[in-house]
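Q: Before anything else, here's the structure in question.
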Amino acid sequence: MKYRRCGRSGINLPMISLGLWHNFGDIDNFENARNMILKSFDLGITHFDLANNYGPSPGSAERNFGKILKEDLYNHRDELIISTKAGYLMWDGPYGEWGSRKYLIASLDQSLKRLQLDYVDIFYHHRPDPDTPLEETMMALDHIVKQGKALYVGLSNYDHIQTKKAVDILKQLGTPILIHQPKYNMFTRWIESDLLNLLSEEGIGCISFSPLAQGMLSDKYIYGIPADSRAASKHGFLQPEAITKSAVTKIRRLNRIALKRGQTLAQLALVWNLRNSGMTSVLIGARSTHQIEENVGSLDNLEISESELKAIDEILSE
Ligand code: NDP
């Protein structure tokens, strides 16, 4: 594994981290989930990312991870960076989502119980809340850190203007933001215009989620939708309608560039994502240990030439 410094902080993160959004819930095979976590750790993946609502059912990914941690990785807690989040709908009534102090503090307490932990390493606000004053949300994050229930805080899905406001408030409170978690991949590049610059100026790390566009940036959809894919799963967030003819044409062409480099398209997509040194880590999902091994293999060739980048841009802009 290779590690990168997370912004201007004391933390190094593995360049590939594992997220537990899909395939770790109580509808999934627990032994497969355990094998994926242990394989990841053996490969040097020291960062595991969760959220209150990951499952299904919501909360079950945290519960399963807590069990694996206790049974298999108990002596390795200090070698791990474990994150969780709150922001999306988690429980009924007016206090079960968004960004109030009431919700964030209660949600983290619930997460810690499910994870069987005293603290998480990073606690994120999962999405900006248009109605709660930003000061309230940031003061709740600060409070959580000062209580020792999280060591660091992060933001996810905030645009650069919202991020700047949050950064300023948290700086005043004395709790700097460690990391931002935006969606970023060859098909979704909104962070390139402003957010990445802001993060670098402010010394904040960045970890991109869905770097494989939920699996589309691999060779799996070139000849249709396989049964063992997220697009075919009734619990998956990737709709089959997203696999359009035009997307498949691009995927085929990108795949050719990858093969010329001696990589798979999934590997190329990760190398492309990490080409900017401000990208601390890519946050992959996986359904098998094989996928994790393949993805970590991308780090064997991180060089990407100007002509390859240009060819990729041309394919994506069509
Ligand atoms: P990816 O874009 O990496 O997609 C992962 C999926 O791609 C896998 O489940 C698998 O799907 C497929 N895949 C992975 N490796 C390969 C490979 N080598 N070859 C072929 N297919 C492959 O990431 P996710 O969308 O899963 O997101 C990753 C993490 O990011 C989440 O677990 C979560 O922690 C975080 N996240 C955060 C969000 C936020 O709002 N902050 C939102 C979404 C995610 P298949 O089942 O088809 O094999």
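Q: Pick from R230, R63, R275 the residue whose mean-square fluctuation is largest in a GNM of the chain, springs joining Cα atoms under 10 Å.
A: R275
Q: Pick out which of A232, A213, A266 has the largest mean-square fluctuation in a Gaussian network model of the chain, springs linking Cα atoms closer than 10 Å.
A: Sorting by GNM fluctuation, first place goes to A232.
Q: Of the options P240, I179, L283, report the single residue whose Cα projects farthest towards the positive end of the charge dipole of the chain (beta-carbon charges: Lys, Arg +1; Asp, Glu -1).
A: After comparing all options, I get P240.
Q: Among I179, I315, I68, which comes first, then next, by fewest other beta-carbon atoms within 10 Å? Provide the component values of the computation, followed by the final result.
A: On the way: I179 25, I315 17, I68 20.
The fewest-first ordering by Cβ neighbours comes to I315, I68, I179.
Q: Here's something else I'd like to know. Shape call for the range 199-271 from the C-alpha gyration tensor, a ≥ b ≥ c root eigenvalues: rounded (a/c under 1.5), prolate (a/b greater than b/c) or oblate? Provide the component values of the computation, followed by the final result.
A: Values: a/c = 2.40, a/b = 1.34, b/c = 1.79.
Because a/c hits 1.5 or more and a/b fails to exceed b/c, the range 199-271 counts as oblate.
Q: A follow-up question, please. If you rank D42, D142 by fewest surrounding Cβ atoms within 10 Å, what's the result? Walk me through the intermediate numbers first.
A: Values: D42 12, D142 17.
Ascending Cβ contact count within 10 Å gives the list D42, D142.
Q: Give me the net charge for the shell around I312: Cβ to Cβ below 15 angstrom, other residues only, Lys and Arg +1, Asp and Glu -1.
A: Working: positive: R189, K250, R252, R253, R256, K260, R261, R275, K310; negative: E192, E303, E306, E308, D313, E314, E318.
Overall, the nearby charge balance is +2.
Q: Would you mind getting me the FRET efficiency between I304 and V248? Use the beta-carbon distance for r and R0 = 22 Å, nearest 0.05.
A: Values: r = 23 Å, r/R0 = 1.05.
Working from the Cβ atoms, E equals 0.45.
Q: Might you report the magnitude of the Cβ-based charge dipole of the chain about its Cα centre, with Lys and Arg at +1 and Asp and Glu at -1, to the nearest 20 debye? Can you show the working numbers first?
A: Values: 36 positive and 38 negative charges, 72 e Å.
Computed about the Cα centre, the dipole is about 340 debye.
Q: Pairs of Cα atoms under 8 Å, at least six residues apart: use those to get the relative contact order of the range 1-134, whole percent.
A: Working: 213 pairs, mean separation 28.3, N = 134.
Contact order relative to length: 21 percent.
Q: Taking the Cβ-Cβ separation of K171 and A232 as r and a Förster radius of 51 Å, what is the calculated FRET efficiency to the nearest 0.05? Display every interim value, and only then the final one.
A: Working: r = 46 Å, r/R0 = 0.90.
Calculated transfer efficiency: 0.65.
Q: Please give the length that would be gained between E79 and L259 if that part of the chain were fully extended, namely 0.36 nm times their separation in residues minus their C-alpha to C-alpha distance (nm, one decimal).
A: Details: separation 180, 0.36 × 180 = 64.80 nm, distance 3.52 nm.
Here the segment from E79 to L259 would lengthen by 61.3 nm.
Q: Also, I was wondering about something else. At N35 and D159, where each label point lies 7 Å from the Cα along Cα→Cβ, what is the point-to-point distance in nanometres?
A: 4.4 nm
Q: Quick one: if the Förster radius is 25 Å, what FRET efficiency do D42 and T188 give, using the C-beta to C-beta distance and rounding to 0.05?
A: Working: r = 31 Å, r/R0 = 1.23.
Efficiency, rounded to the nearest 0.05: 0.20.
Q: Let a ≥ b ≥ c be the square roots of the eigenvalues of the Cα gyration tensor of the range 1-156; is it rounded (a/c under 1.5), or, if not, prolate (a/b larger than b/c) or oblate?
A: Values: a/c = 1.95, a/b = 1.31, b/c = 1.49.
Oblate is the answer for the range 1-156, as a/c is 1.5 or above yet b/c matches or exceeds a/b.
Q: Further question on the same structure: For Q147 and D219 in the same chain, what is the full-extension length gain: residue separation times 0.36 nm, less their Cα-Cα distance, in nm? Walk me through the numbers on the way to the answer.
A: Working: separation 72, 0.36 × 72 = 25.92 nm, distance 4.61 nm.
Length gained between Q147 and D219: 21.3 nm.
Q: Something else: Of the beta bridges DSSP finds with both residues in the range 145-299, what % are antiparallel, to the nearest 5? Display every interim value, and only then the final one.
A: Details: 1 of 11 bridges.
Once the DSSP bridges in the range 145-299 are tallied, antiparallel ones form about 10 percent.
Q: Looking at the chain only, what percent of DSSP beta bridges run antiparallel? Nearest 5 please.
A: Values: 4 of 31 bridges.
Taking every DSSP beta bridge with both residues in the chain, the antiparallel ones total about 15 percent.
Q: I've got another one for you. Once you have a ≥ b ≥ c as the square roots of the Cα gyration tensor eigenvalues for the chain, tell me rounded if a/c is under 1.5, and otherwise prolate or oblate according to whether a/b is larger than b/c.
A: Values: a/c = 1.59, a/b = 1.33, b/c = 1.20.
Prolate, since a/c reaches 1.5 and a/b exceeds b/c.
Q: Also, quick follow-up: Any idea how far apart L316 and Q116 come out in nm if each label point goes 7 Å out from Cα toward Cβ?
A: 4.2 nm
Q: Which of L141, L50, L73 moves the most in a Gaussian network model of the chain with Cα springs under 10 Å?
A: Highest fluctuation of the listed residues: L73.
Quick note: the coordinates plus some simple rules give every number you see, no bench work behind them. All values reported here derive from a predicted model rather than from experimental measurement. Quick reminder, even Gly has a Cβ in these numbers, built from the backbone with ideal geometry, and neighbours come from all protein chains shown.
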